[in-house]
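Some notes on the structure that comes next.
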Amino acid sequence: MAKPTPEQGLISGAEAFGAAPHERPVPRISIHAFCEFPDTGAALQRAAGDRRLSKAHVTVQLGGPQAAVEHYTGQVTPNLLIVEILLQGKTAVDEIDRLAEVCDPTTKVVIVGRVNDVELYRELMRRGVSEYLVAPLNPLHLIEVISGLYLGADSAPIGRVVAFIGARGGVGASTLAHNVGWCIAEGLHINTTIIDLDLPFGTVGLNFNEEPSQGVADALTAPERLDDVLLDRLLLKSGEHLSLFTAPAMLERGFDADPLAYEAVLDAVRRMTPCVVVDVPHVWTPWVRQTILAADDIVIVATPDLASLRNAKAYVDLLKQNRPNDAPPRLVLNQVGTPKRPEIPLKDFSETLGVQPSAVLPFEPLLYGTAANNGQMLIEVQPKSATADGIKALAEILTGRTPQIEAKSVLPFLSFLKGRKQA
């Protein structure tokens with residue numbers, strides 16, 4: 001039997017799920033922009049600082065088509081050239097014709113204008129311009145346009161990355177990451193891969209009652225070899241829709257991979273799986289920072305105490321500064337109502353962060369302990385508990401999906417009525 005392609009794997013069991021067009025990272029390309037107005041330059045700078053353009057090299061400078069012609073006369077043009085024009089009609093078209101004379105055949109050109117001129121748009125399209133945008137520019141729309149130029153409709157889809165990280169150690173971030181990932185796979189039937197990046201102390205093997213393997217460590221050692229065949233060998237299948245990328249959980253060796261290796265591994269996994277849940281350890285290294293900033297969704301797990309509040313605030317401030325075009329991270333308050341422990345009120349906690357909790361989970365040590373010792377999920381142990389309800393709700397929030405309720409068969413009832421009619 002032929003093995004399904006990555007595209008088929010993404011679609012199977014999860015139609016239309018994955019990263020949206022404006023969420024797909026743009027490849028390593030060079031982008032040069034020549035702007036006539038400061039607001040256009042500011043919008044381009046905001047787009048350039050977005051995580052989806054982190055691989056691209058973006059240069060923004062003042063000047064329109066004439067400045068671009070003078071700059072590139074006798075020089076190689078970039079992969080993408082964005083030029084703002086002031087003129088309209090035939091004069092604008094003449095400027096673009098002069099620009100075309102200095103552009104390399106492989107360079108894509110996006111023109112920015114101030115007038116929604118259909119005739120000008122048609123003339124520019126006839127001359128091979130890739131897109132015509134009307135200012136003022138929206139950074140997210142601009143990112144989507146650029147992504148569409150290099151990742152068209154025929155490009156392979158990629159999965160959505162959800163990163164879980166604890167505000168401090170011991171708040172239950174790993175347990176919740178594993179349970180939410182399991183719920184997305186088994187409850188919502190979306191193909192999901194859980195990646196345990198806590199290489200020396202990871203618990204995904206324990207929580208799923210699986211033997212730990214060298215999966216993630218082997219992939220990080222040689223990410224350039226991580227094709228679909230090798231990735232399929234390294235992943236542990238844990239159900240129809242769930243795969244596990246386990247950590248070795250050993251101290252006999254050190255783990256010091258390059259940050260680019262983590263990026264390459266995540267890129268490889270999201271090419272095969274619609275939903276990628278990343279269990280990020282509570283450490284602070286360049287690769288952890290990069291992983292969090294590049295994720296599509298971020299879930300911060302905290303307990304209602306001062307240390308969690310301080311660290312969660314640091315995370316939120318960092319994300320707000322470095323992800324200006326993204327929604328705030330999700331906040332989960334765990335272990336709420338611990339006996340004999342003073343707690344920061346939920347209202348004060350959320351107001352300090354400026355983020356409302358997506359889930360508030362109670363302190364249930366018996367449930368967590370039983371699940372951990374048995375290698376089960378929390379929902380499997382107590383499906384009617386408040387914790388189980390919170391995990392299901394969080395899975396639905398992150399995916400925008402709700403479980404499909406199977407219609408009950410009415411055939412026995414119809415048979416009964418039929419029998420009465422004949423009598």
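At-a-glance table
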quantity	calculated
Residue in region 88-97 that is at pLDDT below 90, farther than 30 Å from residue 278 by Cα, touching a helix residue (DSSP H, G or I) at 6+ places or on another chain (Cβ under 8 Å) and among the small types (Gly, Ala, Ser) present	yes
Residues of region 207-245 satisfying the condition of being part of a loop (DSSP other than H, G, I, E, B) and charged (D, E, K, R)	210, 211, 227, 240
Residue list for region 298-311, filter: touching a helix residue (DSSP H, G or I) at 6+ places or on another chain (Cβ under 8 Å) and either modelled with pLDDT under 95 or under 16 Å from residue 174 (Cα atoms) (or both)	298, 299, 300, 301, 302
Residue check for residue 326: more than 20 Å from residue 168 (Cα to Cα), charged (D, E, K, R) and assigned by TED's automatic domain parsing to the domain that holds residue 299	yes
Hits in region 246-268 - residues which are hydrophobic (A, V, I, L, M, F, W, C) and either in a loop (DSSP other than H, G, I, E, B) or surrounded by 14 or more Cβ atoms within 10 Å (Cβ to Cβ) (or both)	247, 249, 250, 251, 255, 257, 261, 264, 265, 266, 268
Positions within region 368-391 being of a type in the set (A, V, I, L, M, F, W, C) and either buried (at least 18 other Cβ atoms within 10 Å of the Cβ) or not assigned by TED's automatic domain parsing to the domain that holds residue 186 (or both), in sequence order	371, 377, 378, 379, 381, 388, 391
Test result for residue 403, loosely packed, with under 14 Cβ neighbours inside 10 Å, touching a residue at least 60 places away in the same chain (Cβ under 8 Å) and not hydrophobic (A, V, I, L, M, F, W, C)	yes
Helices (runs of 4 or more DSSP H) completely within region 309-406 that count 3 or more residues being within 30 Å of residue 286 (Cα to Cα) and not acidic (Asp, Glu)	346-353, 386-399
Failed condition for residue 180, given (1) at negative phi; (2) surrounded by fewer than 24 Cβ atoms within 10 Å (Cβ to Cβ); (3) not small (Gly, Ala, Ser)	(2)
Residues satisfying the stated conditions in region 366-407, i.e. in contact with a Ser or Thr (Cβ under 9 Å, 6 or more places away or on another chain) and more than 25 Å from residue 313 (Cβ to Cβ)	367, 368, 371, 372, 376, 378, 379, 381, 382, 396
Exclusive hit being crowded, with 17+ Cβ neighbours inside 10 Å, modelled with pLDDT of 90 or more and not hydrophobic (A, V, I, L, M, F, W, C), set 50, 104, 39	50
Matching residues in region 168-189 - criterion: being among the aliphatic types (A, V, I, L, M), part of a loop (DSSP other than H, G, I, E, B) and either closer than 21 Å to residue 247 by Cα or within 15 Å of the chain's Cα centre (by Cα) (or both)	171
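Yes or no, residue by residue, for (1) in contact (Cβ under 8 Å) with a residue 60 or more places away in the chain; (2) closer than 20 Å to residue 197 by Cα:
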residue: 290; (1), (2): no, yes
residue: 313; (1), (2): no, no
residue: 320; (1), (2): no, no
residue: 323; (1), (2): yes, no
residue: 331; (1), (2): no, no
residue: 372; (1), (2): yes, yes
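The values are calculated or read from the model by the stated rules, or taken from the named source; none is laboratory data. Just so it is clear, the model here is predicted, and its values are computed rather than measured. Cβ atoms come from the backbone with ideal geometry, glycine included; neighbour counts cover every protein chain shown.
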